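J.: Here's a structure for you.
The values are calculated or read from the model by the stated rules, or taken from the named source; none is laboratory data. All values reported here derive from a predicted model rather than from experimental measurement. Heads up, the Cβs are rebuilt from the backbone with ideal geometry, glycines too, and the neighbour counts pull from every protein chain shown. Side chains included, ligands, DNA and RNA excluded: accessible areas come from the protein's heavy atoms. Shrake-Rupley method; radii C 1.70, N 1.55, O 1.52, S 1.80 Å.
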Amino acid sequence: SKASAAHWARTIAALVGTVACWAGWVQGSALACLLLPFVHWVLIAHTVHEATHGNLHTDPRINFWAQFTSHPICFNVFVWIPQHLLSHHQYTNDYEHDVDCHHFAPALISDAMPRMASAESSFNEGWTFVWKGFLTTLGTSILQPLRTLREKPTPNYDVNVTPVPAAVSKRTLWLSVLPSLLVLLYPLFVWLPQAPLLGLWLLVWPWVGMSLIFTTMTQVSHVQQSCQPTQAQSGCWTARQIHASLDYSLGAATPMPEQQLVTALAAGLNAQSLHHAMPTLSCAHFPRVYAEYRQICERHGVTIRHSENVGTAVREMLEYVFENNRPVGGA
């Protein structure tokens with residue numbers, strides 16, 4: 001195994017908790033529904049991203065199947081693979097090649113992106129980033145794969161910017177989407193007719209809760225002014241990856257228990273620069289090696305972008321998004 005024993009112990013505990021929450025959701029438990037996105041995210045944080053990079057286990061079969069713990073309410077694995085491994089990790093924050101820069105269009109994620117909104121508009125598209133953040137996983141789990149199945153372009157674009165690998169048949173893709181469709185339809189037909197408020201809660205909260213978590217965890221480490229290509233300080237590819245990422249809760253004064261806890265809950269995305277520099281290293285080892293990694297960067301003159309904690313990182317992200325999307329007239 002590439003992950004540590006403690007990582008696997010937490011994974012098993014999160015798996016048990018996730019199964020219990022889903023069972024409660026099926027039975028109409030409002031409490032289980034409330035806890036579901038948080039508990040399921042902890043499982044995802046320990047499995048999906050690690051498995052996608054081959055970092056969970058030395059057996060590729062375990063890595064392959066562990067990816068599907070992202071289903072049914074986080075993202076579709078077949079859509080995720082090409083955009084994350086082939087696009088995002090090679091061309092981080094380069095709007096011409098990194099599809100992640102386009103998920104919130106017409107909101108501008110990169111400061112080099114051409115403005116899509118009308119020059120006469122007084123609306124700040126930062127609000128588009130916010131409202132889409134409440135529904136992100138509906139797109140990644142259902143809408144994106146359905147565009148491939150229906151051979152339709154992505155809204156605001158002439159082509160589908162989130163295709164699946166050519167080896168994935170439409171039948172396989174349909175099967176992968178069915179659990180997500182079931183989660184969407186089950187409360188409508190089973191609970192909404194007999195208990196409208198409960199049915200609405202069971203329908204909406206798993207998606208909104210997971211979307212808020214997923215958007216925060218994935219966007220906060222790249223959607224920052226300091227992480228834009230215009231701020232890059234080196235022509236070295238690895239240095240550019242580090243400059244395009246923001247780390248948090250990993251400062252020299254941050255206690256080790258806090259580093260370990262945040263890393264476990266954030267899927268290691270709080271050490272995003274380390275992950276982008278060494279994507280085949282399991283996040284289970286990040287707290288242990290981060291201090292040495294920081295020293296190596298200092299010796300080579302590479303500046304790590306850092307925020308104190310996730311709260312300050314979110315604030316800085318929103319400040320950048322709204323400033324970057326300020327209407328041309330300054331209204």
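J.: Please get the size of the charge dipole for the chain, origin at its Cα centre, with Cβ charges of +1 on Lys and Arg and -1 on Asp and Glu, quoted in debye to the nearest 20.
T.: Details: 17 positive and 19 negative charges, 151 e Å.
My answer is approximately 720 debye.
J.: Among Ala313, Ala264, Ala166, which one moves the most in a GNM of the chain with springs linking Cα atoms closer than 10 Å?
T.: Ala166
J.: What nm value, rounded to one decimal, do you get for the distance between Trp237 and Trp174 when each label is placed 7 Å out toward the C-beta?
T.: Output for this residue pair reads 4.0 nm.
J.: Between Thr154 and residues 5 or more places away or on another chain, which pairs have amide H atoms under 5 Å apart, with H built 1.01 Å from N, and which residues are they?
T.: HN-HN under 5 Å from Thr154: Val159, Asn160, Val161.
J.: Please report, ordered by residue number, every helix of the chain (full DSSP H runs) that is 24 Å or longer along its axis going by C-alpha atoms and whose mean Kyte-Doolittle hydropathy reaches 0.0.
T.: Within the chain the helices that satisfy the rule are 5-26, 30-52, 196-219.
J.: Ok, one more. Evaluate Rg over Rh across the range 212-295, taking Cα atoms for both radii and Kirkwood's formula for Rh.
T.: Ratio value, two decimals: 0.95.
J.: So, in nm, how far is label Arg288 from label Leu181 when the simple model puts each one 7 Å beyond its Cα toward the Cβ?
T.: 4.5
J.: Here is a further query. How many nm is it between the label spots at Asn160 and Arg61, if each spot is 7 Å from the Cα in line with the beta carbon?
T.: Placing both labels 7 Å along Cα→Cβ, they lie 3.1 nm apart.
J.: Further question: Enter the Cα centre distance for the pair the range 38-113 and the range 266-315, rounded to the nearest angstrom.
T.: Cα centroid of the range 38-113 versus Cα centroid of the range 266-315: 18 Å apart.
J.: Build a GNM of the chain with springs between Cα atoms under 10 Å: which of Gln67, Gln144, Gln90 gets the top mean-square fluctuation?
T.: Gln90
J.: Restrict the search to the range 108-164; then list the GluC sites (Glu not before Pro) that DSSP places in a loop and that have at most 14 other Cβ atoms within 10 Å of their Cβ.
T.: Those that pass, being in a loop and sparsely packed, are Glu120, Glu151.
J.: Contour minus end-to-end for His97 and Leu192, with contour as 0.36 nm per residue of separation and end-to-end as the Cα-Cα distance? Before the final figure, lay out the partial values.
T.: Numbers: separation 95, 0.36 × 95 = 34.20 nm, distance 4.28 nm.
The His97-Leu192 span can extend by a further 29.9 nm.
J.: Can you tell me how much longer the chain between Leu318 and Leu86 gets when fully stretched, taken as 0.36 nm per residue apart minus their C-alpha distance, in nm with one decimal?
T.: 80.8 nm
J.: Further question on the same structure: Whole number in Å², please: accessible area per residue of the chain, 1.4 Å probe, ligands, DNA and RNA not counted.
T.: Per-residue accessible area for the chain comes out at 45 Å².
J.: Then there's this: Express the relative contact order of the chain as a whole percentage, based on alpha carbon pairs under 8 Å and six or more residues apart in sequence.
T.: 21
J.: Next up: At a threshold of 8 angstrom on Cα-Cα distance, excluding pairs fewer than six apart, so keeping six or more, what relative contact order does the range 192-331 reach in percent?
T.: Taking the mean separation of contacting Cα pairs over the length of the range 192-331, I get 26 percent.
J.: Then there's this: What lysines could a cross-link reach from Lys170, if we take a straight Cα to Cα line under 26 Å and drop same-chain neighbours fewer than 8 places away?
T.: Candidates past the 8-residue exclusion: Lys152.
J.: Next question, about the same structure. Can you check what the net charge comes to around His88, using other residues whose Cβ is under 11 Å from the Cβ of His88 (Lys, Arg +1; Asp, Glu -1)? Don't jump to the answer; show the numbers that get you there.
T.: Details: positive: none; negative: Asp94, Asp98, Asp100.
Surrounding charge for His88 is -3.
J.: Once R0 is set to 25 Å, what does the formula 1/(1 + (r/R0)^6) return for the Cβ-Cβ distance between Ala112 and His300, expressed as a FRET efficiency to the nearest 0.05?
T.: Efficiency computed from Cβ-Cβ geometry: 0.45.
J.: Strictly greater than 20 Å: what percent of every Cα pair in the range 1-127 meets that?
T.: 58
J.: With the dipole of the range 44-190 worked out from charges on the C-beta (+1 for Lys and Arg, -1 for Asp and Glu) around the Cα centre, which of Ala51, His102, Leu181 lies farthest toward the positive end?
T.: The Cα lying farthest towards the positive end belongs to Leu181.
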